[in-house]
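Down below is the structure, laid out as structure tokens.
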Amino acid sequence: MSRQSWNSIINSYLVACKGNYHLAVKMAKFHDNALFAGKADPNVNAQYTAFHPLYLNMQTTYDLWIAQGGTQLGETLAMKLFMKQLSNPNIGNWDRDFLKQFPANTSDYKKLMPHHRIPFQSGSTDDRISALSALSTNLIGITVLAATATEINNFLIQVKAELDIQQNAIQTTKTDSSSVEAARVAMCVKMFGNYGRLLGFNEDNPSAIAQYFPLKYIQRTQQVYYCRTLKPAKQYDITKHTFEATDQLLLTTDNAASVRVALAKNKGDDITGKGVVVPGNSSPTVNASDLGDVSQNSYLIVLNLDTNISAEFEIEFL
């Protein structure tokens, strides 16, 4: 027979921000600021002194992780541009060079382009690079196409160099995510310890310690607060909720990316042109009716309008 854990010994801070580093930073910052504000009390000051370095580490590792993700995105976009260039105009130009020397129905041409342009214009990136490598190899020794072969080899060198950079960026991001996870766990463990210590100092008046902890981020009875990081140009279904027209929501963007927030009838519906746009680094309060027809729509959806950076946003039901 399984036994349920006693709620009082469950680290609710670890649970609340599991898989959500943006929320972990928000929780750490709240706790750190609250302890700093109350450090005239020597008991609070002791907790601040121990916690502050963990907050700084959480913030720093998170910032590095986000920055590395942006680098990885840039490298991915660079590879996409190379593949687009290969598809058009490069392979077309090279194919025309081949046809000037070898008619399409000859064995010499078929050796170079056995499937015509298809392998260079469709398929995975790895498959297209493999086709390009094979073409480069088959051009060895064909003197009349020496100039074209040189152009292809130079392009292939650039593509392979970019592939190495991209793979390194992906591996580095994995490493950085391990670091930020370790920082999250250390921060949450210390916050839970601070809860116990401050409770002990205020055992006759436990409500006095509420000011030091990010309660709205961890309360689960009825979720009224949502915090997310959303990749460029991506959309996310926040929740399904029945709103009244006059219900208010606080919409906050924590970085330069703007987002669109709207109500939709179905999960995953396209919200382009609907709802409200929340500019980067802003925090407007809106009525639910501003997001859509509350009598017909109950899915709250967010779209990152920025195509280059991830959006960090918060939604709170007031």
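The values are calculated or read from the model by the stated rules, or taken from the named source; none is laboratory data. As the structure is a computational prediction, the values presented were derived from the model and not from experiment. All Cβ positions, glycine included, derive from the backbone under ideal geometry; neighbour counts span all protein chains shown.
Here are the numbers:
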read-out	value
Tabulated pairs, region 40-68, first outside the structural domain of A182 (by TED's automatic domain parsing), second modelled with pLDDT under 90 and outside any helix (DSSP H, G or I), C-beta under 7 angstrom, 6+ apart or interchain	none
A208 being closer than 20 Å to M191 by Cβ, of a type outside the set (D, E) and modelled with pLDDT of 80 or more	yes
Hits in region 307-318 (condition: surrounded by 18 or more Cβ atoms within 10 Å (Cβ to Cβ) and of a type outside the set (A, V, I, L, M, F, W, C))	S310, E312, E314
Cross-chain or 6+ apart pairs with Cβ under 6 Å, region 182-201 first and more than 16 Å from Y55 (Cα to Cα), then in a helix (DSSP H, G or I) and modelled with pLDDT of 85 or more	F201/N43
Considering residues of region 282-312 that are of a type in the set (V, I, T) and in a loop (DSSP other than H, G, I, E, B) only, the residue nearest to V261 (Cα to Cα)	V294
Helices (runs of 4 or more DSSP H) fully within region 1-116 counting 1 or more residues that are buried (at least 16 other Cβ atoms within 10 Å of the Cβ) and at pLDDT 90 or above	21-37, 42-85, 91-101, 107-112
Pick from region 117-150, criterion of a type outside the set (G, A, S) and not in a helix (DSSP H, G or I), ranking: surrounded by the fewest Cβ atoms within 10 Å (Cβ to Cβ)	I140
Count of region 11-39 residues which are free of Cβ contacts under 8 Å to residues at least 12 places away in the same chain and among the polar types (S, T, N, Q)	1
Search result, residues across region 289-301 that are modelled with pLDDT of 85 or more and either within 21 Å of R228 (Cα to Cα) or among the charged types (D, E, K, R) (or both)	D290, L291, D293, Y299, L300, I301
In region 103-134, the residues that are of a type in the set (A, V, I, L, M) and closer than 15 Å to F155 by Cα	I129, A131, L132, A134
